[in-house]
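S.K.: Below are the structure tokens for one structure; questions will follow.
Bear in mind that the values in this text are calculations on the coordinates, not laboratory data. Treat the numbers as computed from the prediction; the structure is a model and nothing was measured. Note that we place each Cβ from the backbone using ideal geometry, even for glycine, and neighbour counts take in every protein chain shown.
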Amino acid sequence: MPHPIRTKVFVVLATACLIGAVSSTGSASEPAPQTITKSLKHTCLFGEVPRPVAFEVTATLPTAVPKGQPVPIENFSLKFALPKEALPPETTSVEGGVSLDLTGKRKAIHSKETKLPVVLDIAATPVTSEELTLTATGKPGALAMTTSGRLIISFGAPELALNTKDAKDTKARVKCTLDADQDAALGSVAVIPPKSEEDTPATTPDGDEETQAPKAKADEPDPNVIVVPLDPLTVNGTSTIVKLGAKAPIGPSVVIAGHVLLDAVDPTAPLISEGEAVLPPVQVAFLGFGFMPVNATAEFLPVDYQINNLVPVKAVVTAEPDGLTYGRSHIEVYARLSNVKVNGAPLDVGTKCMSSTPISIDLYGPYDAFSGGVLKTDPNSPDPALRGFTIPSFAGCGAAEPLSPLFTGMSSGPMNQAEVTVALLFPKPE
């Protein structure tokens, strides 16, 4: 049996534990672009008068791009309202622009930032009420990152250039600062290794090399760590929900942006495997309290779901005395329910019906470097963390009435079980 440092094993877990499902269906799919809308409160200085202004930022980001390729930021706009008293007297219309920086930073300790200057236009807008709503639009361009990982894109404080139609045709510049206790991150993009590790420059439709995408600075690589990119994986399995006494399918799900970290100094060190899982929504059906037919859409979201829709996965692979390599994986996801029907009648649970805390799952099992393996919980394991996972209580359920206790009573509790089979998405020929 070869030592794990030579096997280049990649063990990942993408566990979609279907809350109380009797049957479910899901499909593996390429990640779709993500449209993000976020409101950020600022204080803007009009002359010497500070005024609160909330900017509603909208942008479309790709979910994943190959390393070195541009990360396009599309459909970008800012929407904000100004009180009439912030404008010069007798103002009839306002036009102008907005300038700001978008920041790209890799999700890593000591990662460096790259700024992308953005200029937006405000079309002439008539003043017709006590509050003027303005929209600024433009094309920010793109960022690019030369290192695989997650690129987080954040919003910088804007500066307004306002040209008002009034008695003096006033031109004013208004600087804004982000209010405290807010996360300026708009979203994140997985930067994955290309099929070939040869660096291919991005090109325009005319075939010229792309030059307008500033590249995020790569962190200094650790000379003692070898990074091996890996092919996409598929995950299938089952989960058992104790309160319902039912088994439910898991997946199929797809893992992308996979790589394994090899210790170049210590050949006996464990392999650290990392990747990100695409967990598409699934339709679930179950009997609540053993008699009430319930249908719903279940989503499994990363801990930072506000800015990200890919679930990070990490596993440690070691060689055991029996000569096999074993993988241990840990995953944390929120569960969110929507489109709920009880006995065929719609039940309005709102948009924030979620587990109150992330579901924490540990799995362990033998894993073959080339053909995959089986990872699972075990109620008889000597390790308490591997004996099962707990479904926490639900919160935020119910648009018109409190429904969280209903879903908590139906499904929450300990000692739920999961088992997944991991395999190459595109099996290699023998």
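S.K.: What percent do you get for the relative contact order of the range 34-212 when only Cα pairs under 8 Å and 6+ apart count?
M.R.: It comes to 27 percent, rounded to a whole number.
S.K.: Give the calculated FRET efficiency between residue 181 and residue 137 to the nearest 0.05, with a Förster radius of 35 Å applied to their Cβ-Cβ distance. Could the numbers behind the result be given before it?
M.R.: Numbers: r = 29 Å, r/R0 = 0.82.
Step by step, r from the Cβ atoms, then E = 0.75.
S.K.: Something else now. Quick check: net charge around residue 41, other residues with Cβ under 15 Å of its Cβ, Lys/Arg +1 and Asp/Glu -1? Provide the component values of the computation, followed by the final result.
M.R.: Values: positive: 38, 51, 79; negative: 56, 179, 181, 183.
So the environment of residue 41 carries a net charge of -1.
S.K.: Moving to a separate point now. Where does the charge balance sit around residue 52 when Lys and Arg score +1, Asp and Glu -1, over other residues with C-beta under 9 Å from its C-beta?
M.R.: Numbers: positive: 41, 51; negative: 179.
Its environment carries a net charge of +1.
S.K.: What Rg and what Dmax come out for the range 224-302 when only alpha-carbon atoms are used, in angstroms?
M.R.: Spelled out, the Cα radius of gyration and Dmax of the range 224-302 are 18.5, 59 Å.
S.K.: Additional query: If packing is taken as the average count of other Cβ atoms within 10 Å, what order do 387-395, 273-281 fall into, highest mean first?
M.R.: Numbers: 387-395: 19.0, 273-281: 22.8.
Going by the mean number of other Cβ atoms within 10 Å, highest first, we get 273-281, 387-395.
S.K.: Can I ask one more? Sort 306-314, 409-417 by packing, meaning the average of other beta carbons within 10 Å per residue, with the highest value first. Spell out each step's value before the answer.
M.R.: On the way: 306-314: 20.7, 409-417: 18.4.
With the highest mean Cβ count within 10 Å placed first, the list reads 306-314, 409-417.
S.K.: Related question: For a protection proxy built on the mean count of beta-carbon atoms within 10 angstrom, sort 356-364, 183-191, 162-170 highest first, please. Spell out each step's value before the answer.
M.R.: Details: 356-364: 18.8, 183-191: 21.6, 162-170: 15.3.
Result, highest mean Cβ count within 10 Å first: 183-191, 356-364, 162-170.
S.K.: Would you mind getting me the FRET efficiency between residue 95 and residue 56? Use the beta-carbon distance for r and R0 = 25 Å, nearest 0.05.
M.R.: Details: r = 19 Å, r/R0 = 0.77.
The calculated FRET efficiency here is 0.85.
S.K.: The range 34-212: D in µm²/s via Stokes-Einstein (Kirkwood Rh, Cα pairs, 25 °C, 0.890 mPa s)? Spell out each step's value before the answer.
M.R.: Working: Rh = 17.9 Å.
Estimated via Stokes-Einstein, D reaches 137 µm²/s.
S.K.: Roughly how many Å is it from the Cα centre of the range 223-238 to that of the range 250-270, as a whole number?
M.R.: 4 Å
S.K.: Round to a whole angstrom and tell me the spacing of the C-alpha centers of the range 349-423 and the range 136-164.
M.R.: The range 349-423 and the range 136-164 have Cα centres spaced 37 Å from each other.
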